[in-house]
Amino acid sequence: MKLSTAKCLFALLLGWLTVGMARANCLGDPKADQVQQVHVVPQLTPSVLLGKWAPLLEQLGRQTGLCFELHIAPSIPDFETALLAGQPDFAFVNPYHEVMARKAQGYLPLVVDSKEKLSGILLVRADSPIQSLKELDGQPIAFPAPNAFAASLLIRSRLAQQGIRIQPKYVKTHANVYRAVIIGDVLAGGGVNNTLERESPSVREQLRILHETPGYAPHPFVAHPRVASDLREAVIAAFLKLGEMESGRKLLDGIQIPSPVRAHYARDYAPLESLQIEKFLAQSEKP
């Protein structure tokens, strides 16, 4: 009996410690019943993403009474693995990730930026003599990851359509792509307008856009269908409220949703299903 009691007390203490550790990472309301996992596609370095997302989630949590735990994967493929397995309750994903995640788990887009479309850009050094895509035939080109939508899938498909063969180098983040081009590691690199615009002037002035794809609906903030509808609606309302305040817009601009609106899959992301870029997906990461 004493041994059984001791085991029960140990289990209870372990439970308290686990809850305490979870609440120590809580962004928002530490009194919330559950911790909501938020995964963010790692376009930028972990320190930069933490600095942008932690204050935003803290504000969202206070408004909604939710407790968010921020997860930043070491690479985009790692992020995709967790997303397609349904681990995140909420996530910030690229447009084609939403297509993949909807098929795999039923993820629902909640909000998206209404200010600017997302376009893929192929960059070279500002002083590069390269003036056409055909000059990249056979050359090494940096991309953040195989399944990055505009920064990789769209650009690689466009090059393939023109019969241009390249040597892709995957360097994990958009920031790494830009710096790989600048230091001459590669002749060109794929990125997106939204992340380039958020780089420092010292980085942007060393790069030149060689090619830009058409624009598409940008990255949405999405929810797994297991998240109750009232919680999803509360999160949408909190995003929209932040968009009405100057302080809120500054936080939203940092996460690439400066002018949030309610997202609709049929309007924003279903059109991507007809792009026929599935053959460029990394085989191990297909849903």
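The values are calculated or read from the model by the stated rules, or taken from the named source; none is laboratory data. All of these numbers come straight from a predicted model, not from anything done at the bench. With ideal geometry, Cβ positions are generated from the backbone for all residues, glycine too; neighbour counts draw on all protein chains shown.
What pairs come up if the first residue lies in the range 196-212 and is closer than 17 Å to LYS117 by Cα, the second is hydroxyl-bearing (Ser, Thr, Tyr) and surrounded by 15 or more Cβ atoms within 10 Å (Cβ to Cβ), and their beta carbons are under 9 Å apart, counting only those six or more places apart or on different chains?
Short answer, once both residue conditions are applied: LEU196/TYR178; GLU212/SER119.
If GLU233 passes every condition in (1) surrounded by fewer than 17 Cβ atoms within 10 Å (Cβ to Cβ); (2) in the same structural domain as TYR107 (by TED's automatic domain parsing); (3) in contact (Cβ under 8 Å) with a residue 40 or more places away in the chain but one, which one does it miss?
Status for GLU233: all satisfied but (3).
Taking THR213 and the conditions (1) touching a Lys or Arg at 6+ places or on another chain (Cβ under 8 Å); (2) surrounded by fewer than 17 Cβ atoms within 10 Å (Cβ to Cβ), which numbered condition does it fall short on, given that it satisfies the others?
Of everything listed in (1) touching a Lys or Arg at 6+ places or on another chain (Cβ under 8 Å); (2) surrounded by fewer than 17 Cβ atoms within 10 Å (Cβ to Cβ), THR213 misses just condition (2).
Return the pair list, or none, for Cβ contacts closer than 6 Å from residues in the range 182-193 that are outside the structural domain of PRO42 (by TED's automatic domain parsing) to residues that are among the aromatic types (Phe, Trp, Tyr), at least 6 apart or on different chains.
GLY190/PHE143
Among the numbered conditions (1) closer than 19 Å to ASN147 by Cβ; (2) in contact with an Asp or Glu (Cβ under 8 Å, 6 or more places away or on another chain), tell me where VAL192 comes up short.
Condition not satisfied by VAL192: (2).
Can you tell me which residue is farthest from the chain's Cα centre (by Cα) among those in the range 27-52 that are crowded, with 20+ Cβ neighbours inside 10 Å and more than 20 Å from ALA148 (Cα to Cα)?
That would be GLY28.
Which one is farthest from the chain's Cα centre (by Cα), of the residues in the range 138-171 that are of a type in the set (S, T, N, Q) and within 24 Å of ASP78 (Cβ to Cβ)?
GLN167
Which of the helices (runs of 4 or more DSSP H) found entirely inside the range 178-267 contain at least 1 residues meeting this: among the basic types (Lys, Arg) and out of contact with any strand residue (DSSP E or B) (no Cβ under 7 Å at 6 or more places or on another chain)?
The helices (runs of 4 or more DSSP H) meeting that bar are 201-204, 229-242, 246-254.
Among all residue pairs at least 6 apart or on different chains, which show Cβ distances below 7 Å where the first residue, located in the range 145-156, is surrounded by 24 or more Cβ atoms within 10 Å (Cβ to Cβ) and the second is among the β-branched types (Val, Ile, Thr) and modelled with pLDDT of 95 or more?
Cβ pairs passing all conditions: ALA150/VAL192; ALA150/THR213; ALA151/VAL192; LEU154/THR213; ILE155/THR213.
Please count how many residues of the range 115-158 are acidic (Asp, Glu) and in contact with a Gly (Cβ under 9 Å, 6 or more places away or on another chain). Please lay out each step first, then the result.
Let us first name the residues in the range 115-158 that are acidic (Asp, Glu), namely 116, 127, 135, 137.
Okay, now just the ones that are also in contact with a Gly (Cβ under 9 Å, 6 or more places away or on another chain), so 116, 137.
Total meeting the criteria: 2.
Of the residues that make up the range 141-160, is at least one among the small types (Gly, Ala, Ser), part of a strand (DSSP E or B) and out of contact with any Leu (no Cβ under 7 Å at 6 or more places or on another chain)?
yes
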